[in-house]
Structure formats: structure tokens, C-alpha cells
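Participant: Please read through the structure below; I'll follow up with questions.
The values are calculated or read from the model by the stated rules, or taken from the named source; none is laboratory data. Just so it is clear, the model here is predicted, and its values are computed rather than measured. Cβ: placed from backbone, ideal geometry, glycine included. Neighbour counts: every protein chain shown. SASA here: full protein model, heavy atoms, side chains in, ligands and nucleic acids out. Shrake-Rupley method; radii C 1.70, N 1.55, O 1.52, S 1.80 Å.
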Amino acid sequence: VDIKPLYTFNGKSSYHLYVIQINFDEYSFSKKDLFIDMKKKNIGLQVHYIPINKQPYYKRLGYGSEITPEMDNYYQKSFSIPMYPSLKQKEQEYVVQSLLEVLSS
């Protein structure tokens, strides 16, 4: 399973998000399917970030058809897994193991 953290470890960072990237073209399911399957395991994933021109407010202003390959690529591959100060090691392991199970199925 090819899971890539967005950033390498830096001991000076506060790490308020743990963003990973997956190339969904290599799998038989979509990012939406992954979110649904993880939710069934009581794990909420987060989207970071919808390209600004695709946000509802800007779409109502007529944006959204611009060609933005870098933003679109990031949005298609990236999401955050749970990370917060009180997250226990057992919970971390459950998140990672669940993600690996869903990706391997």
C-alpha cells in the first residue's frame, strides 16, 4: 500500500494536521469510498483543501472552470487522518491498521 505523508518529520512543527496522499488511480475505489469505509470503522477523515475556485461561494460567482492541475491533483490525492493531543497510541494504531485494511481490500 502506497501511503505518503505530505511532510517529513520536523521536531519544531506543531503538526495540527496529518495530511497523507494516495494515488486513487491505482485503486479500484474512489476517495469518497475510502471516506465511507473509514466512517464505518468510526474513523473520520478530513478533506484539506477544496480548491478555492471549486468552493460553493466562488462557483456561484462564476468560477470553477479554470484549469488548475496542481490544485486539482492535490485535492484528489490528499486528506487528513485523525490527530489531536489526547489521541492514544492504541487509537493511532487502530487508525493506521484500518486505513491499511481498507486500502488492501
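Participant: How many Å² of accessible area per residue for the chain, probe 1.4 Å?
Facilitator: Here the residues of the chain average 73 Å² of exposed surface.
Participant: Between (i) 13.5; (ii) 15.3; (iii) 13.9, which matches Kirkwood radius over Cα pairs in Å calculated for the structure shown?
Facilitator: (ii)
Participant: Please compare each pair in K39/K77; K41/K90; K31/K54; K12/K54; K4/K59; K12/K39 to a cut-off of 21 Å on the Cα-Cα distance and tell me which ones are over it.
Facilitator: Violating the 21 Å limit, Cα to Cα: K12/K54; K4/K59; K12/K39.
Participant: To the nearest 20 debye, what charge dipole does the chain have about its Cα centre, counting +1 at the Cβ of each Lys and Arg and -1 at the Cβ of each Asp and Glu?
Facilitator: Roughly 440 debye for the chain.
Participant: Grab the other residues whose beta carbon is less than 12 angstrom from that of V47, score K and R as +1, D and E as -1, and report the net.
Facilitator: Local net charge: +4.
Participant: What Kirkwood hydrodynamic radius do you get for segment 1-63 when you take the inverse of the mean 1/r over all pairs of distinct Cα atoms, in Å?
Facilitator: Hydrodynamic radius (Kirkwood, Cα only) of segment 1-63 equals 14.4 Å.
Participant: Return the carbon/sulfur percentage of the accessible area of the chain, one whole number, probe 1.4 Å, all protein chains in place.
Facilitator: Accessible surface attributable to carbon and sulfur in the chain totals 55 percent.
Participant: Could you tell me which of rounded, prolate or oblate describes segment 28-79, using a ≥ b ≥ c as the square roots of the eigenvalues of the alpha-carbon gyration tensor, with rounded for a/c under 1.5 and, failing that, prolate when a/b is larger than b/c and oblate otherwise?
Facilitator: Prolate.
Participant: Next question. If you find the alpha carbon centre of segment 1-50 and of segment 60-105, how far apart are they in angstrom?
Facilitator: 3
Participant: Only Cα pairs under 8 Å and at least 6 apart count here; give the relative contact order of the chain as a rounded whole percent.
Facilitator: 36
Participant: Excluding S105 itself, calculate the net charge of residues whose Cβ lies under 11 Å from the Cβ of S105, where each Lys or Arg counts +1 and each Asp or Glu counts -1.
Facilitator: -3
Participant: Grab the DSSP H runs of the chain that are 4 residues or longer, score each as -39,500 (n - 2.57), total them, divide by all residues and round the 222 nm result to the nearest 500 deg cm²/dmol.
Facilitator: That comes out to -11000 deg cm²/dmol.
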